[in-house]
Amino acid sequence: MPHESRLTGELRTLLHARRTAALGTTGDDGAAFVSMVPFALEPALGVLVIHVSGLAAHTRNLQARPRVSLLVMQPEVPGEPVHALPRVTLEGTALILAPDSVPWHACRVAYVARFPEVEFMTQLGDFRFVVIQVMRARHVAGFGAARDVDEEEVKRALGTAGPT
């Protein structure tokens, strides 16, 4: 297996350690709309998975305009500078999965593994699994450590383990 850079390892750690993201969608009026969403990782498909209600504004927005952005960040630490917080902005396309399809089942398994307490919600008719296919990212590993990340590197970071 090829060598993994320190920054890719840090991106992997951030994505696997955090369970919520700020989801940015665009409303019918062109205004930006940001909401909090829990997310899971499905490494075999190389996607992030969200589980959303059909009644939610962000769901209507991503159905009409599937280009989305997610911000995943480390939480603040009291007494530490906030400008150096590790974070990543992921840009991608949202796709609502067909219920009972092979990808739907794989994403349900990943989501329930990360959020076992909401297994019952996966049976509710108004909820949908949505995959975010990441096209690129902007990763800030700390103060003065910002870089662009391509789709392939994001997919590697979504994997369950780094190189040995």
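Couple of notes before you dig in:
- The residues listed here are Glu76, Glu4; of these, the one that is in a loop (DSSP other than H, G, I, E, B), surrounded by 12 or more Cβ atoms within 10 Å (Cβ to Cβ) and of a type in the set (D, E, K, R) is Glu4.
- Test: residue in the range 5-24 that is under 17 Å from Gln133 (Cβ atoms) and not aliphatic (A, V, I, L, M): yes
- Any hit, the range 98-114, residues being touching a Pro at 6+ places or on another chain (Cβ under 9 Å), basic (Lys, Arg), under 21 Å from Ala17 (Cβ atoms) and in contact (Cβ under 8 Å) with a residue 12 or more places away in the chain: yes
- Here Arg138 meets the list (1) over 15 Å from Leu41 (Cβ atoms); (2) in a helix (DSSP H, G or I) almost entirely, failing just condition (2).
Quick grid of which residues meet (1) surrounded by 21 or more Cβ atoms within 10 Å (Cβ to Cβ); (2) of a type in the set (Val, Ile, Thr); (3) at pLDDT below 95; (4) closer than 27 Å to Gly144 by Cα:
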residue	(1), (2), (3), (4)
Phe39	yes, no, no, no
Leu45	no, no, yes, no
Ser53	no, no, yes, no
Glu91	no, no, no, yes
Ala94	yes, no, no, no
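The values are calculated or read from the model by the stated rules, or taken from the named source; none is laboratory data. Note that this is a predicted model, so its numbers are computed, not measured. For neighbour counting, all protein chains shown are included, and Cβ atoms are generated from backbone atoms with ideal geometry for every residue, glycine included.
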